[in-house]
Structure formats: structure tokens, C-alpha cells
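The values are calculated or read from the model by the stated rules, or taken from the named source; none is laboratory data. Since the model is a prediction, treat every value here as computed from it, not as a measurement. Don't worry about glycine lacking a Cβ; one is built from the backbone with ideal geometry, like all the others, and counts go over all protein chains shown.
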Amino acid sequence: MGVGCWRSGSGRYTGRAAAGNAGFIVGYRSYLTEVRDRTAAERRAGKTADEAVEAVAAALGSRCPDRARLAGAIKAAYAEAR
């Protein structure tokens, strides 16, 4: 069951984990925290939402192959960033 990209023990983001797996929760939180922090930095730097999506997606590179879900997470973080 994949909910999005999360950091596995290998340091790579994947979209797969067993439901209820504690590693999934820890990894997904780590992923969302990184997205939040990087996106907030882009917004503070005066970037638009689209520019933030490009910059954060590029920074995460191949660690998160599902770009559509990543873009959604970045846009949500951008909307919440101050």
C-alpha cells in the first residue's frame, strides 16, 4: 500500500510500505518534514509555488520517483508556509 514517498532505511523515498508498519510512519513523517522545511525556505526566498515545486523536486531527486504526489505535497506545504 503506497501513500506517497517516504524515506526507507536505505535513504531512498519509495511509495510502498506495509499498512501499519511503524517504519512507514517514521519515514513518511521524515519525508513530509523535509518537504515542509525545503518549501518554506523557498517561499521565504520569494519563490512562487511553481518555482518551489521545481526546486524542491530537484533537491529530492530520484529519492522520490512519484513526482505527482511530491508536487501535491509541496503545494500544500507552500500554502501553509509563512
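Considering region 18-45 alone, what residues qualify as being more than 16 Å from A73 (Cβ to Cβ) and at pLDDT below 85?
Once the filter is applied, which keeps residues that are more than 16 Å from A73 (Cβ to Cβ) and at pLDDT below 85, region 18-45 yields A18, A19, G20, N21, A22, G23.
So, T48, is that one surrounded by fewer than 15 Cβ atoms within 10 Å (Cβ to Cβ) and at pLDDT 95 or above or not? Spell out the reasoning first.
Details: surrounded by fewer than 15 Cβ atoms within 10 Å (Cβ to Cβ): yes; at pLDDT 95 or above: yes.
In short, yes.
Which members of region 58-74 meet the condition of being under 17 Å from R29 (Cα atoms) and either at pLDDT 95 or above or assigned to a helix (DSSP H, G or I) (or both)?
L60, R63, R69, L70, A71, G72, A73, I74
Could you check region 39-82 and list, in sequence order, the residues that are basic (K, R) and over 9 Å from the mean Cα position of the chain (by Cα)? Step through it out loud before you land on a result.
Residues of region 39-82 basic (K, R): 43-44, 47, 63, 67, 69, 75, 82.
Listed by number, the residues that qualify are R43, R44, K47, R63, R67, K75, R82.
In region 24-47, how many are without any contact (Cβ under 8 Å) to a residue 12 or more places away in the chain and within 13 Å of R82 (Cα to Cα)?
Applying the first criterion (without any contact (Cβ under 8 Å) to a residue 12 or more places away in the chain) to region 24-47 yields 25-26, 29, 33, 37, 41, 45-47.
Next, only the ones that are within 13 Å of R82 (Cα to Cα) stay: 37, 41, 45-47.
The number of residues fulfilling the criteria is 5.
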